[in-house]
1. If we scan the stretch 52-69, do we find a residue that is farther than 15 Å from residue 96 by Cβ and touching a residue at least 60 places away in the same chain (Cβ under 8 Å)?
2. Identify, by number, the condition in (1) surrounded by fewer than 16 Cβ atoms within 10 Å (Cβ to Cβ); (2) of a type in the set (A, V, I, L, M, F, W, C); (3) within 16 Å of residue 24 (Cα to Cα) that residue 233 doesn't meet.
3. Does residue 196 satisfy being within 17 Å of the chain's Cα centre (by Cα), on the phi > 0 side of the Ramachandran plot, at pLDDT below 95 and not hydrophobic (A, V, I, L, M, F, W, C)?
4. Pull out all pairs, ordered by first then second residue, where Cβ-Cβ is under 8 Å, the residues are six or more apart or on different chains, the first lies in the stretch 106-131 and is under 17 Å from residue 62 (Cα atoms), and the second is among the polar types (S, T, N, Q).
5. Being polar (S, T, N, Q) and buried (at least 21 other Cβ atoms within 10 Å of the Cβ) narrows it down to one residue among 105, 152, 87, 91; which is it?
6. In the list 157, 165, which residue meets the criterion of being among the hydroxyl-bearing types (Ser, Thr, Tyr), at pLDDT 95 or above, farther than 30 Å from residue 110 by Cα and not in a loop (DSSP other than H, G, I, E, B)?
7. Can you name the residue in the stretch 192-246 that is out of contact with any Ser or Thr (no Cβ under 9 Å at 6 or more places or on another chain) and aromatic (Phe, Trp, Tyr) and, of all such residues, is farthest from residue 100 (Cα to Cα)?
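The values are calculated or read from the model by the stated rules, or taken from the named source; none is laboratory data. Keep in mind it's a predicted model, so treat the numbers as computed, not measured. With ideal geometry, Cβ positions are generated from the backbone for all residues, glycine too; neighbour counts draw on all protein chains shown.
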Amino acid sequence: MYPKKMSGSAFRKASHKAVTLLGMSGSGKTMLASKLPRHNWFHYSGDYRIGTRYMDEPILDNVKREAMKVPFLADLLRSDSIYLCHNITINNLAPIATFLGMIGNPSLGGLSVSEFKRRQSLHRGAEIAAMMDVREFVGKAQETYGYPNFINDAGGSLCELDEPSVLRQLAEDTLILYLKPPEAMLAKIIERSLLDPKPMYYQSSFLDRVLPEYLAEKDLNSADEIVPNDFFCWIFPRLVEHRLPRYQTIADEYGVVLEADRIDGIRGEADFIELICEALG
């Protein structure tokens with residue numbers, strides 16, 4: 001159990017440390033987790049759990065639907081001559097993004113608003129379940145696998161769930177560490193995302209608020225006229241603005257803040273623990 005105001009000395013002395021990394025995609029959560037010694041830290045990836053445990057079937061069904069459009073593959077699938085599987089790893093989450101898709105013109109690979117929201121709803125449920133699983137895995141990591149410490153590499157959309165029970169449980173079982181990007185780093189994250197648009201989860205209410213603005217600004221009659229990547233490039237900076245205060249609120253209520261650019265200076269476990277103790281004061 002993690003007290004709300006744990007001291008740095010108490011964290012340093014804890015024989016079993018558990019940390020949840022909170023922050024935007026691109027802020028360095030997975031990179032930070034990879035810097036910790038594998039024999040000491042169990043790396044739990046929320047996105048990996050989502051894709052392999054809770055969205056495995058919808059992801060594969062989506063791939064099969066596309067394969068069935070190719071007569072050669074359709075015949076092989078119907079006769080059980082081939083099977084399809086994904087290869088989701090901690091560092092390759094493309095099948096999840098492909099399933100989520102983007103709103104827009106169907107001829108450009110876009111989804112209708114209703115289908116997009118359906119897939120977003122599936123992701124939300126999966127992310128809630130994956131984060132509630134953290135408690136079980138904290139125990140399993142120690143008791144079954146013998147890891148003394150645990151790190152939860154949470155998805156960037158954790159702040160979008162609006163499920164207080166998830167945050168309360170994470171705060172009880174782990175120290176929530178918000179990797180807050182300074183302005184220069186934030187600008188680079190946005191720039192990289194705009195150069196390589198990728199589907200992502202965000203709240204339905206957020207979409208309902210910004211979509212009419214986009215259609216009006218671009219003089220479009222419906223979402224079916226949207227160029228998917230163009231919409232992403234328009235919406236992403238607004239999504240960042242929407243998320244930043246949410247991350248901060250979670251950190252203020254449940255955790256601590258670490259400037260994300262300090263991750264570059266971490267060389268291993270000792271540096272990581274020192275920075276957390278400093279943040280805890």
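1. no
2. Of the numbered conditions (1) surrounded by fewer than 16 Cβ atoms within 10 Å (Cβ to Cβ); (2) of a type in the set (A, V, I, L, M, F, W, C); (3) within 16 Å of residue 24 (Cα to Cα), the odd one out for residue 233 is (3).
3. So residue 196 fails the test.
4. Within 8 Å, the pairs are 106/112; 117/204; 120/204; 121/204; 123/157.
5. Just a single option satisfies the conditions, and that option is 152.
6. 165
7. Once the filter is applied, the top-ranked residue is 214.
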